[in-house]
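A.B. asks: Handing you this structure, nothing more for now.
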Amino acid sequence: MTPNILSTDSKILTEKDLQNAESSITKMIDTENYTQNRSKNYAKTEGWFKTEPKWFNILYLGFLHLYFVYACFTFDFFENLMTTAWLFITYGLGGVGTTAGPHRLWTHQAYKAKWQLRVILGVLYASAGMNNIYEWVRDHRVHHKYTDTDADPHNSNRGFFFSHVGWLMVKKNPDVIRRGRQMDMSDVLADPVAAFNIKYFPILKFMFAFLLPVMLPVYAWKETWYRAFVSQNIIRYVILLNAIWSVNSAAHIWGSKPYDAYINPTENRWVNLFTGGEGLHNYHHVFPWDYKAAELHGTPTTAFINFFAKIGWAYDLKEPSKELVKTVTRKRGDGNHSLWEAVPYPVISKIE
Ligand SMILES: [Zn+2]
Ligand SMILES: [Zn+2]
């Protein structure tokens with residue numbers, strides 16, 4: 001695991017930690033075969049039907065998306081503005097719960113959280129209606145370790161559709177399964193809040209993703225069951241799923257690469273907008289342990305974590321030093337960084 005570099009809490013950071021982290025990342029970016037090895041992995045990738053289709057998922061996701069298209073044309077968003085506002089609220093909460101919870105906290109350990117905040121994150125994450133925390137974290141750790149190779153669950157070298165949703169419609173590549181089994185998940189299982197969430201996930205997911213969000217509009221402002229159901233379980237759910245999936249697809253295909261031009265992940269502002277701060281993905285793949293998942297502050301998820309840091313429920317927020325970011329950017333970036341405008345550094349050779 002990448003060493004942790006803390007610039008927000010100098011008591012925890014020692015000079016040695018910083019030097020270790022800097023030397024390991026510099027070693028990584030200086031490795032001559034780094035780019036060649038990645039190309040070899042790309043070449044391993046083959047066609048679409050390497051593994052068997054998962055028919056239930058194909059039918060379920062297909063039906064969900066068809067219903068979504070129908071709902072977008074027939075649902076009157078202005079009939080009850082409370083219902084529409086609630087749709088945006090649950091979308092935002094599910095998004096922040098996913099990005100601050102299983103992503104930045106449980107996968108990357110980019111900060112620490114007291115049990116109260118972990119409970120909140122567990123509930124918000126359940127409201128997004130995805131896989132349980134164990135599966136999410138395992139798949140995401142494999143994604144970071146074997147990015148865009150056959151061992152990556154949503155290898156973007158297999159195209160937009162596969163990396164967006166297609167990977168959920170076919171059985172996993174044997175490499176993905178093998179690497180997933182090797183992944184150390186002991187930290188997640190040792191967290192009683194995460195372990196509880198994983199154990200009771202089906203019921204938690206049903207309650208917080210699909211039942212309570214529908215019941216509230218019906219009982220609080222007399223919305224009809226049908227409109228509450230469609231607004232929450234079809235429209236909100238499909239948009240949220242696609243926003244989160246777009247980090248694996250669009251933010252691995254379109255956008256700039258200011259921090260590392262030699263990897264697929266990009267800085268994609270549209271993805272960033274729809275995910276509350278997860279679209280600055282080129283940076284995130286270079287510094288996955290930064291709690292901001294971006295070089296700068298200013299995204300909703302980072303603001304959420306900052307708020308809880310203020311009241312003491314989030315702590316040990318990790319960030320790289322500015323110097324480290326600069327060094328990496330100058331060595332590996334594609335030139336799309338304000339740094340390049342300020343200081344004329346030699347232009348690096350572009351990837352072919
Ligand atoms: Zn990624
Ligand atoms: Zn990540």
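Laboratory data are not the source of any read-out in this text; all were calculated from the coordinates shown. Computed from a prediction, not measured in an experiment: that's the story for all the values here. Backbone-built Cβ (ideal geometry, glycine too); neighbour counts: all protein chains shown.
A.B. asks: Using amide H atoms built in the peptide plane, which far-off residues or other-chain residues are under 5 Å from residue 170 H to H?
C.D. replies: 54
A.B. asks: I would also like to ask the following. Picking from 72, 100, 169, whose Cα lies most toward the positive end of the charge dipole for the range 61-185 (charges on Cβ: Lys, Arg +1; Asp, Glu -1)?
C.D. replies: Toward the positive end, the furthest listed residue is 100.
A.B. asks: Below 8 Å between Cα atoms, with a sequence gap of 6+, how large is the relative contact order for the range 207-277 in percent?
C.D. replies: Once normalised by length, the contact order is 21 percent.
A.B. asks: Sticking with this one: Pairs to check: 112/145; 50/292; 114/322; 114/257; 171/331; 222/310. Give those whose C-alpha atoms are more than 30 Å from each other in this structure.
C.D. replies: 50/292; 114/257; 171/331; 222/310
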